[in-house]
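Quick notes on the structure that follows.
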Amino acid sequence: MPGNKTLVLVSRPNGPLAPDHFAIVDKEIPALAEGQIKVRNFYASLDPGIRKTLGEDKSYWQPTPLGAALTANTVGRVLESRHAGFQPGDLVFGTGAMQEISVYTPGKMCWKLPPDSRLPLSAHVSILGGTGLTAYFGLLDVGKPQAGETVLVSGAAGAVGSIVGQIAKIKGCRVIGIAGGPEKTRRVVEKYGFDGVIDYRGKSREDLQAAIAELCPDGVDLYFDNIGGIQLDAALSQMKWRGRVAVCGLISEYERTEGSGQIMHNLFSIVAKTLRVEGFLSFVYHQQFREAQRELEQWILEGRLVYDDYIREGIESAPEAFMALFSGANNGKVMVRIAAPDDAI
């Protein structure tokens, strides 16, 4: 069988990621079983949650074995099908091995792309894929924002956080973001339309609490957390009575080594203010994905929602692109273009 370039894990990181944790190797293209499809991947998403699969502890995915491919969301074209609902030439989203050609079993983690979409193919691994769907369901179903409420979003310049804030504005909320550095904080207000922003860089927990109190003088109704750590701790201290916290991710914790975590000081606020704190995973909403995608696309076409993609060329660029997620070097959804799409949707 011909070579099939694949991003694999060769050593387990203990702390920050490095290029030598990964390798690009040629793997055989698996034979198809009944009910499966073979797909040439065009784009692959790199998400912070992948980091949790690189250690030995079980997360929401099994740990990635050494020598095995990283798991990623992809979009591509069906090359061969042994599934009655898919034909060669169909464009599909799938979750599986990060490689040039993958084999998928259609279901809740693999579906045919809508033929009527007017967005670029890459959008189906960002705003219409895991990124947009995470923001949509995490905010609207878990957070349940109401018009006039104050919503605080960490990681506000990131792929998910920027979408969360814009949807909250569409729903009539006042939105404050937390982001790092002057370029990102400026983008949060000027491009994504947040009402205010806090630069977390160089700030202690007490500094963050004071900054949140200044921009949210009546308290925070809903905190959408992508970061964890002292940002979560500071936000808890400023929550309103019976406020809600939607926990999407804890990226500040993903590269910590054993014993390096920080002590949380404000956890008792959950009890004292009777807060509802809820984590979530977007794929549990798979039966509602198409409805959410239609609404997200409509908001984009109406000019009410904007998004950014951070695209790097070739599967060989994947380690560097992945590390950009944790250094903050990216602006928008991180993905790699594995191959150029041979035509539009």
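Since every read-out is calculated from the coordinates, none of them should be taken as a lab result. Keep in mind that what you see is a predicted model, and the values were worked out from it rather than measured. Every residue, glycine as well, gets a Cβ built from its backbone with ideal geometry; the counts of neighbours run over all protein chains shown.
Couple of notes before you dig in:
- Violating pairs (Cα-Cα greater than 24 angstrom) within the set Lys5/Lys184; Lys108/Lys191; Lys108/Lys169; Lys52/Lys169; Lys38/Lys112; Lys112/Lys333: Lys5/Lys184; Lys108/Lys191; Lys108/Lys169; Lys52/Lys169
- Farthest positive-ward along the range 131-282 dipole, Cα basis, beta-carbon charges - from Gly193, Thr274, Gly148: Gly148
- For the range 205-220, the residues whose amide N sits under 18 Å from a probe point set 7 Å from the Cα of Ile263 along the beta carbon direction are 205-207.
- When the GluC sites (Glu not before Pro) in the range 49-147 are filtered for DSSP coil states and for at most 10 other beta-carbon atoms within 10 Å of their beta-carbon, the remaining sites are Glu56.
- Computed from point charges on the beta carbon alone (+1 for Lys and Arg, -1 for Asp and Glu), the dipole magnitude for the chain about its Cα centre is near 520 Debye.
- Think of the chain as a dipole: +1 on every Lys or Arg Cβ, -1 on every Asp or Glu Cβ, centred on the Cα centre; then among Ala321, Tyr104, Val245, Val245 lies furthest on the positive end.
- Rounded to the nearest 5, the antiparallel percentage of DSSP beta bridges internal to the chain is 55%.
- Tilt relative to the chain, helix 205-215 - C-alpha long axis, 0 to 90 degrees, to 10: 80
- Scattering curve values for the range 131-282, log₁₀ I(q)/I(0), Debye with Cα scatterers, q = 0.10, 0.13 Å⁻¹: -0.29, -0.50
- For the chain, the extents of the C-alpha atoms along the principal axes are 63, 46, 34 Å, listed from largest to smallest.
- Assigned charges on the beta-carbon of Lys, Arg, Asp, Glu; the range 150-270 dipole about Cα centre (debye): 400
- With respect to the chain, whose longest principal axis is taken over its alpha-carbon atoms, helix 289-301 is tilted by about 70°.
- Degrees, to the nearest 10: 159-170 long Cα axis against longest axis of the chain: 60
- Ellipticity estimate at 222 nm from DSSP helix runs (n ≥ 4, -39,500 (n - 2.57)) divided over the chain, nearest 500: -6500 deg cm²/dmol
- Qualifying aspartates and glutamates (Cα of each under 13 Å from Cα of Lys144; at least 8 residues distant if same chain): Asp221, Glu278
- The chain, relative contact order [Cα under 8 Å, separation at least 6], %: 18
- Fully extended contour minus Cα-Cα distance, from Asp57 to Ala210, at 0.36 nm per residue: 51.5 nm
- Net dipole in debye of the range 285-345 [+1 Lys, Arg Cβ; -1 Asp, Glu Cβ; about Cα centre; nearest 20]: 180
- Max mean-square fluctuation residue, GNM over the chain, Cα-Cα springs under 10 Å, options Ile178, Ile251, Ile170: Ile170
- Put the Cα centre of the range 149-198 next to the Cα centre of the range 68-142 and the gap is 27 Å.
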